[in-house]
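The values are calculated or read from the model by the stated rules, or taken from the named source; none is laboratory data. The structure displayed is predicted, hence computed values, not measured ones. For neighbour counting, all protein chains shown are included, and Cβ atoms are generated from backbone atoms with ideal geometry for every residue, glycine included. We work out accessible area using only protein heavy atoms, side chains counted, and drop any ligands, DNA or RNA first. Shrake-Rupley method; radii C 1.70, N 1.55, O 1.52, S 1.80 Å.
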Amino acid sequence: GAYQSKRMEIFEYGEREIDYLSRCDEALGSVIRRIGRIERRVTPDLFVALTESIIGQQISNRAMERAVGRFRAQLGTITPERVLRTDRSAIKECGMSFRKADYILAAAQAFFEGRISESDLVGLSDREVVARLTQLPGVGVWTAEMLLLFSMRRPDVLSYNDLIIRRSLMNLHGLTEMTRADFERYRKLYSPYGSVASIYLWAADKLPM
């Protein structure tokens, strides 16, 4: 009912993921114990999540929240149809560059024409989803991986392209560098629960060491 729609949707996980990660990596396990449960918001509507991530590129969280708020106010509901009916300069005036406005319009066109649809992506592997999403202008691998985690709620996303995740792994394990091979070792170690590992590695970066 109405109550449901107001409730913030979060990335769901439980004891099974926690126990698994704590067993396979003691350093990560101690972080999990120190921090306790983390509620990370998800945006289940992929098109909305995509527009928000484009708006948020290379700006602070606060600037992003302001621009997203204006964009929502401008459109009412964020849908491909409404974006396509909105003037490019009106999108820009929400607090972004013309380039970002063009990326959002291109994404709206792809969703509207059905070249990308949530229902098509559901059956694809993470790698295939990334390949499909990165065909859109302004969507790189990292953005696509964040959409896998924070919109599609895929369980096993650990992004090599995320600097904070790499830095946390190095800090936790006393490494001075992290090669792709090192990273792959941790990715395999945390699989099939890489997404929960990611959520804790982001949080670990803010902990006093």
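Tally up the residues in the stretch 172-209 that are among the β-branched types (Val, Ile, Thr) and not in a helix (DSSP H, G or I), please.
Step one: filter the stretch 172-209 for residues among the β-branched types (Val, Ile, Thr), giving 176, 179, 196, 199.
Adding the requirement that they be not in a helix (DSSP H, G or I) leaves 176, 179.
Total meeting the criteria: 2.
I'd like the residue in the stretch 31-42 that is open to solvent by 20 Å² or more (accessible area, probe 1.4 Å) and touching a helix residue (DSSP H, G or I) at 6+ places or on another chain (Cβ under 7 Å) and, out of all such residues, is farthest from Thr79 (Cα to Cα). Spell out how you get there, then give the answer.
Of the residues in the stretch 31-42, the ones open to solvent by 20 Å² or more (accessible area, probe 1.4 Å) are 33-41.
Next, only the ones that are touching a helix residue (DSSP H, G or I) at 6+ places or on another chain (Cβ under 7 Å) stay: 35, 38, 40.
Numbers: Ile35: 37, Ile38: 30, Arg40: 23 Å.
The residue in question is Ile35.
If we keep just the residues of the stretch 123-132 that are of a type outside the set (A, V, I, L, M, F, W, C) and not in a loop (DSSP other than H, G, I, E, B), which is nearest to Arg154 (Cα to Cα)?
Here is the first cut: in the stretch 123-132, the residues of a type outside the set (A, V, I, L, M, F, W, C) are 123, 125-128, 132.
Cutting the leftovers down to not in a loop (DSSP other than H, G, I, E, B) gives us 126-128, 132.
On the way: Asp126: 8, Arg127: 11, Glu128: 13, Arg132: 16 Å.
Ranking the candidates gives Asp126 first.
Check Asn61 against each of (1) in contact (Cβ under 8 Å) with a residue 24 or more places away in the chain; (2) open to solvent by 80 Å² or more (accessible area, probe 1.4 Å); (3) out of contact with any helix residue (DSSP H, G or I) (no Cβ under 9 Å at 6 or more places or on another chain) and name the one condition it does not meet.
Asn61 satisfies every listed condition except (1).
Residues of the stretch 76-108 being surrounded by fewer than 12 Cβ atoms within 10 Å (Cβ to Cβ) and among the small types (Gly, Ala, Ser), which ones?
Selection gives Gly76, Ser89.
Quick check on my filter: what residues within the stretch 109-142 are β-branched (Val, Ile, Thr), within 22 Å of Leu84 (Cα to Cα) and crowded, with 17+ Cβ neighbours inside 10 Å? Talk me through it step by step, then tell me what you get.
Our first condition is that a residue be β-branched (Val, Ile, Thr); within the stretch 109-142, this holds for 116, 122, 129-130, 134, 139, 141.
Filter once more, keeping what is within 22 Å of Leu84 (Cα to Cα): 116, 134, 139.
Passing the criteria: Ile116, Val139.
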